[in-house]
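What follows is a single structure, written as C-alpha cells, with notes after it.
The values are calculated or read from the model by the stated rules, or taken from the named source; none is laboratory data. In this text the structure is predicted, and so the values were computed from the model without any measurement. Every residue, glycine as well, gets a Cβ built from its backbone with ideal geometry; the counts of neighbours run over all protein chains shown.
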Ligand SMILES: [Zn+2]
Ligand SMILES: [Zn+2]
C-alpha cells in the first residue's frame, strides 16, 4: 500500500477518536455540544500550526459562513476555561491555540512564527529542582526551541519556485 495513504487513513481515524473525546468532555462540563463548537474543535484538531483565533475563524467560515468572529472568540474562551484546548506562548504577542493535550514542547520559527510540536520524550529531563527559587512549586515546564523552519531556511530561489508550483 502507498505509505502516504496509510498516514491519511490513520490520521482520519485519530481525529474521529478525538472528536468523541471532545463530545464526552462537553457533556461532563455541561456544555451544549453544538454543531458550531464541533466544527471549531475539528478545525483546531486538523491544524498543525497552532493557529490564532483569527486564523481559526477564517477556516471555520468555510464550513459555517454565518459564523462571526465574536462567536469564535467566545467559544474559544469557553474551550480554554474548560480545559478542552490549550493556549501557547502568550508572550509572542498573540494568542495561539492547540488541541494537542499530550505533554510536548515547541519549535518556533523566528521568521514566520510557525510552531511545531516536539513530543516530550524527545527532550531530555531538565534539572530544574535545584535551581528553583525558594518556595516555587513547579507544576510543568515547556521548552521552546527557536530556529528557522524548512521553508524559511530554504534558499530564496527555491522558495519562489515551490510557491509557483
Ligand atoms: Zn518559517
Ligand atoms: Zn503544541
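Beta carbons closer than 8 Å, at least 6 apart along the sequence or on distinct chains, pair a first residue in segment 135-159 that is at pLDDT below 85 with a second that is exposed (fewer than 10 other Cβ atoms within 10 Å of the Cβ) and part of a helix (DSSP H, G or I) for 138/129.
Filtering segment 84-110 to residues that are at pLDDT below 90 and out of contact with any strand residue (DSSP E or B) (no Cβ under 9 Å at 6 or more places or on another chain) leaves 91, 93, 94.
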